[in-house]
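Quick note: the coordinates plus some simple rules give every number you see, no bench work behind them. All of these numbers come straight from a predicted model, not from anything done at the bench. Here the Cβ positions follow ideal geometry from the backbone for every residue, glycine too, while neighbour counts run over all protein chains shown.
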Amino acid sequence: MKAFVVFIGFLLASPLSAQTDTSKVYQLNGRQVRYLKVEKGKTLYSISKTYNVPQDTLMVWNKELEHGLKTGMILRIPVLLPAKPEGKDKQTEAKKQGKAEEKSVVKKAEEPKRIPLAEEVYSCTALSADSQKRELNVVLFLPFYISREDGLNPKSQIGLGFYSGAKLALDSLAKAGINAKVHVFDARSDSAVLSASLKSPACKNADLIIGPLYSSGFKPVAEFARKNKIAAISPFVQSDAILQAFDNVVKLTPDQNTLLGELCIKMVERNPNARFTLLRNANEKDKALANHIASVLKGKTTKLNYRELLYTTAQNLSDSLDESKDNIVFFPSTVQVQVIGMVSKLGATPLNKRIRLVGLQEWNNFENIDYDHLNALNFTYASNYFPEFAQTSMVKFRSEYKAEYKTEPGSYAIQGYDVLLYFTQMAARYGKDFYHCIEKFPMACGLGSCYEFVRAERKAGLENHAIYVVELKDFIATPLR
């Protein structure tokens with residue numbers, strides 16, 4: 001079964017045969033490109049290195065490369081311009097998140113089927129085998145940032161990475177007998193362009209919409225999707241604000257409260273007899289995180305050995321640790337100087353092998369933090385993304401990716417593969433309104449993430465609550481089993 005990718009609204013091709021001078025920079029529909037005639041012995045990898053253009057970028061600009069690189073072929077080489085300073089970019093939100101990806105294993109459940117009651121209710125039964133072979137229309141909104149003035153923006157690398165993985169997922173779906181056509185739109189920061197894209201028949205007839213990747217531009221897409229009863233998938237947005245008004249939104253990245261709440265539950269289940277200590281500070285953002293941890297721990301039916309301390313009065317915390325128990329210390333701080341100081345103090349105590357310091361994933365990015373102490377303290381955090389490169393499915397994916405692109409897959413490529421694979425499978429098996437009962441399906445895990453959805457409120461959207469509990473062990477981040 002053949003897979004199709006359709007690019008809409010950008011990268012309009014022009015005949016290449018007329019371009020004979022490959023040393024000049026031309027305008028292609030207002031975009032700066034250079035043309036290159038492929039010489040014998042050249043590879044996509046060598047061309048990528050010579051012109052400092054990623055291979056997945058070359059694939060997007062030259063659709064004919066899907067059939068392989070051939071001697072004499074004339075390629076479009078986009079001229080990448082320096083990024084323009086823009087203040088805080090929306091991409092930082094995605095970079096902080098768990099970036100995840102997964103080859104989804106969807107266990108058999110059932111398909112959304114409407115039952116006429118006073119209030120609309122859905123049961124879940126699978127479509128017939130013949131119905132599952134219908135052609136699916138999947139829409140991708142990805143940030144390529146292509147403009148007539150500037151050509152291809154360097155910020156497009158996340159979108160290109162996501163697309164490169166999604167393309168491999170499309171091939172996998174075709175091999176599995178799932179017939180999907182993917183329509184790709186450039187989700188640049190332009191409301192007029194986005195509005196025009198949503199008027200496309202491809203969007204109205206979609207079985208599934210993935211993206212935009214960031215909060216900017218996602219709301220109008222979610223609104224459009226709700227009116228047309230289509231699931232809108234948000235891969236990277238962490239805030240749960242988008243869930244409140246849209247029951248069709250499926251958010252893959254848990255917010256910080258969800259991560260910490262699930263982490264607390266797993267810590268208590270693993271060590272119910274430990275001594276639990278919550279360290280608080282005066283930072284407003286951190287107060288909210290600490291309050292959530294406290295509400296989860298205090299809400300446990302089993303009475304815990306639990307106490308709270310203020311950071312300002314906890315400098316001698318090591319003196320009050322229980323030598324007869326495991327000591328689990330929660331410190332939800334985003335203040336780098338406080339974290340570094342507390343790690344140094346706790347790490348120097350003779351009891352450090354009985355301490356588990358539970359913090360935030362972002363500590364891994366703090367400069368000057370003492371990893372010797374973090375390792376001794378069994379530093380533990382929650383993440384929604386943790387690729388295990390030794391597993392068979394990951395080895396297979398990396399092999400296929402390197403064969404296709406002559407380079408290793410990045411985290412966004414794996415994310416693109418997982419998201420497209422999982423949700424296209426869902427739409428194929430259970431129909432386009434699968435989102436009405438996706439929370440009833442069992443957890444599905446793939447290359448780097450697991451999916452288990454919880455609906456925020458009765459008429460709100462869904463958030464992924466599946467997490468990895470990761471600890472630093474022998475200086476290697478390892479998921480707790």
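Below are the figures for this structure:
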{"read-out": "Computed magnitude of the charge dipole of segment 257-383 (debye, nearest 20; Cβ of K, R +1, Cβ of D, E -1)", "value": "500"}
{"read-out": "Theoretical gain in end-to-end length, E439 to T392 [0.36 nm per residue, Cα-Cα removed]", "value": "14.1 nm"}
{"read-out": "Virtual spin-label span in nm between I476 and E362, 7 Å along Cα→Cβ", "value": "2.9"}
{"read-out": "Separation in nanometres of the label points that stand 7 Å from Cα toward Cβ, at A282 and A174", "value": "6.2"}
{"read-out": "Sequence ranges 332-343, 192-203, ranked by mean other-Cβ count within 10 angstrom, highest first", "value": "332-343, 192-203"}
{"read-out": "Ascending count of other beta-carbon atoms within 10 Å, so fewest first, for S320, S411", "value": "S320, S411"}
{"read-out": "Residues E408 and T302, FRET efficiency given R0 of 45 Å [Cβ-Cβ distance, rounded to 0.05]", "value": "0.50"}
{"read-out": "Whole-Hz ³J(HN,Hα) from phi, Karplus 6.51 cos²θ - 1.76 cosθ + 1.60, for segment 434-442, glycine and proline x", "value": "4, 5, 5, 9, 5, 5, 7, 7, x"}
{"read-out": "Residue-span extension gain [K325 to T71] - 0.36 nm each, minus C-alpha spacing", "value": "84.5 nm"}
{"read-out": "Most to least packed among 172-180, 445-453 [average Cβ atoms within 10 Å]", "value": "445-453, 172-180"}
{"read-out": "Exceeding the 29 Å Cα-Cα cut-off - candidates K155/K440; K24/K70; K70/K181; K406/K473; K133/K266", "value": "K155/K440; K406/K473; K133/K266"}
{"read-out": "Nonlocal amide H pairs with R34, under 5 Å, H built at 1.01 Å", "value": "Y26, I77, V79"}
{"read-out": "5 angstrom amide H check on N179, placed H, neighbours 5+ away", "value": "L136"}
{"read-out": "Table column - 3J(HN,Hα) (Hz), segment 455-472, Karplus curve with 6.51, -1.76, 1.60, x for Gly and Pro", "value": "7, 4, 9, 4, 10, 9, x, 10, 10, 6, 10, 7, 10, 9, 9, 10, 10, 8"}
{"read-out": "Distant-in-sequence amide H partners of T349 (H built 1.01 Å from N, under 5 Å)", "value": "none"}
{"read-out": "Distance (nanometres) between label positions extended 7 Å along Cα→Cβ at S46 and K229", "value": "5.6"}
{"read-out": "Whole-Hz ³J(HN,Hα) from phi, Karplus 6.51 cos²θ - 1.76 cosθ + 1.60, for segment 153-161, glycine and proline x", "value": "7, x, 5, 6, 4, 5, x, 5, x"}
